[in-house]
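Let me begin by presenting the structure, written as structure tokens, before commenting on it.
The values are calculated or read from the model by the stated rules, or taken from the named source; none is laboratory data. Note that the structure is predicted; figures quoted are calculated from it, not measured. Positions of Cβ are backbone-derived with ideal geometry, glycine not excepted, and every protein chain shown enters the neighbour counts. Quick note on the areas: whole protein, heavy atoms, side chains included, nothing else; ligands and nucleic acids left out. Shrake-Rupley method; radii C 1.70, N 1.55, O 1.52, S 1.80 Å.
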Amino acid sequence: MPLEKLVLILVCVLVAAGVTLWLAAILLATLQVPFAGLAFIPAGLVGYIAYRVIAERLRSAEDDHYDRIEH
């Protein structure tokens, strides 16, 4: 496995763990403070933007050009 791929997997796992902890903290704060649930609005916006960026990158024909180039 190339080092790039290993580092990418590690970064993805760390980001996923951080997001999980962040959402859990927001959820627990919502139980204590009534308006803390409003923090889910920016969390949803960030998630939506991340989804759109990833979906666009997967469908982009321009990015596929570099997949055919040999190193």
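Among the residues of the range 33-51, those identified as assigned to a helix (DSSP H, G or I) and of a type outside the set (Gly, Ala, Ser) are Pro34, Phe35, Leu38, Phe40, Ile41, Pro42, Leu45, Val46, Tyr48, Ile49, Tyr51. Only one residue in Thr30, Thr20 is surrounded by 10 or more Cβ atoms within 10 Å (Cβ to Cβ), among the hydroxyl-bearing types (Ser, Thr, Tyr), at pLDDT below 85 and assigned to a helix (DSSP H, G or I). Which one? The match here is Thr30. In the range 45-57, the residues that are more than 15 Å from Ala16 (Cα to Cα) and among the aliphatic types (A, V, I, L, M) form no Cβ pair under 6 Å with any partner that is open to solvent by 90 Å² or more (accessible area, probe 1.4 Å) and part of a helix (DSSP H, G or I), whether six or more places apart or across chains.
Could you identify the single residue in Val15, Val46 that is modelled with pLDDT of 85 or more and open to solvent by less than 90 Å² (accessible area, probe 1.4 Å)? Just one listed residue meets the conditions, Val15.
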